[in-house]
Amino acid sequence: YFPGKVLNQAVSEAETEWVVFINSDVVLLDPYAIERLIEPLYEAKTAATFGRQVVRPEASLLVRHDYARAFPDSPEHPEWMHYSLPIAAMKKSVWETIPFYTDAWGSEDTHWGKHAKEQGYKVVYVHDAVAMHSHNYTLKQLASRRRIEGEADVYIYPGKQSSLLSAISTYIKSTLREGWHYLINGKLLGIPYLLADRFVYVWHYHQGVVHAREKKSITFGNYQKSL
């Protein structure tokens, strides 16, 4: 399974101008979600849209905080969230000029959204098109995912670098931010796991970046096989 190739084939076979993406593990929480996704596409310069993802009931506190930051309940969203395919839509005519990349295994939606915006198109976050979608990764699964994301970011951001010093700095900042969130939510017993989670999160991303820059090769490991 190679996401970019599969997505390109799927969109190429679509017979409509508007193509909607809904992951198989997504639960739509709004009966009008697809309608809301499509509405902004009437604007000529809007190439694509994506909806708000909320976590499953069993999601960990860490996952809940991550999703709340990535997919806020407002039209504004983090500038690093370029596009997210679990609930999204796009114009096939734009895809024909900007197909999904296949240089790396993951983050094809991030690359596509960034590239579309660089070409002068809009990618609209539709916060009221809501769907439930999240994963509680084990540390092993998180390590695989973050390594893949690190590798992909080298292709998405050509100047991407990661040093041991920057990794340590990121670990400290991330741990302090999430540790405070655990503290105010009374989850002190979860701090030891948080420390391990943040280490895996940062270290394996760093390893992915270093590997891609030094080897210029792709890891084809599909972390979903172990889910």
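The values are calculated or read from the model by the stated rules, or taken from the named source; none is laboratory data. Bear in mind the structure is a predicted one, so any value in this text is a computation, not a measurement. Note: ideal-geometry Cβ built from the backbone for every residue, glycine included; neighbour counts use all protein chains shown.
Taken across the stretch 169-176, residues that are among the charged types (D, E, K, R), modelled with pLDDT of 95 or more and exposed (fewer than 13 other Cβ atoms within 10 Å of the Cβ) do occur, with at least one present.
For the stretch 105-112, the count of residues that are at negative phi, surrounded by 20 or more Cβ atoms within 10 Å (Cβ to Cβ) and among the acidic types (Asp, Glu) is at least one.
If you go through the stretch 161-172 one residue at a time, do you hit one that is within 29 Å of Ser74 (Cα to Cα) and touching a residue at least 40 places away in the same chain (Cβ under 8 Å)? There is no residue in the stretch 161-172 that is within 29 Å of Ser74 (Cα to Cα) and touching a residue at least 40 places away in the same chain (Cβ under 8 Å). Here Ser74 meets the list (1) part of a loop (DSSP other than H, G, I, E, B); (2) among the hydroxyl-bearing types (Ser, Thr, Tyr); (3) modelled with pLDDT of 95 or more almost entirely, failing just condition (3).
When you scan the stretch 118-133, do you find a residue that is in contact (Cβ under 8 Å) with a residue 40 or more places away in the chain and in a helix (DSSP H, G or I), even just one? No, the conditions are met nowhere in the stretch 118-133. For the stretch 41-64, the count of residues that are in contact (Cβ under 8 Å) with a residue 60 or more places away in the chain, part of a helix (DSSP H, G or I), within 16 Å of Ser84 (Cα to Cα) and more than 16 Å from the chain's Cα centre (by Cα) is zero.
Is it fair to say His82 is within 12 Å of the chain's Cα centre (by Cα), assigned to a loop (DSSP other than H, G, I, E, B) and surrounded by 16 or more Cβ atoms within 10 Å (Cβ to Cβ)? Yes; evaluated as a whole, the condition is true for this residue.
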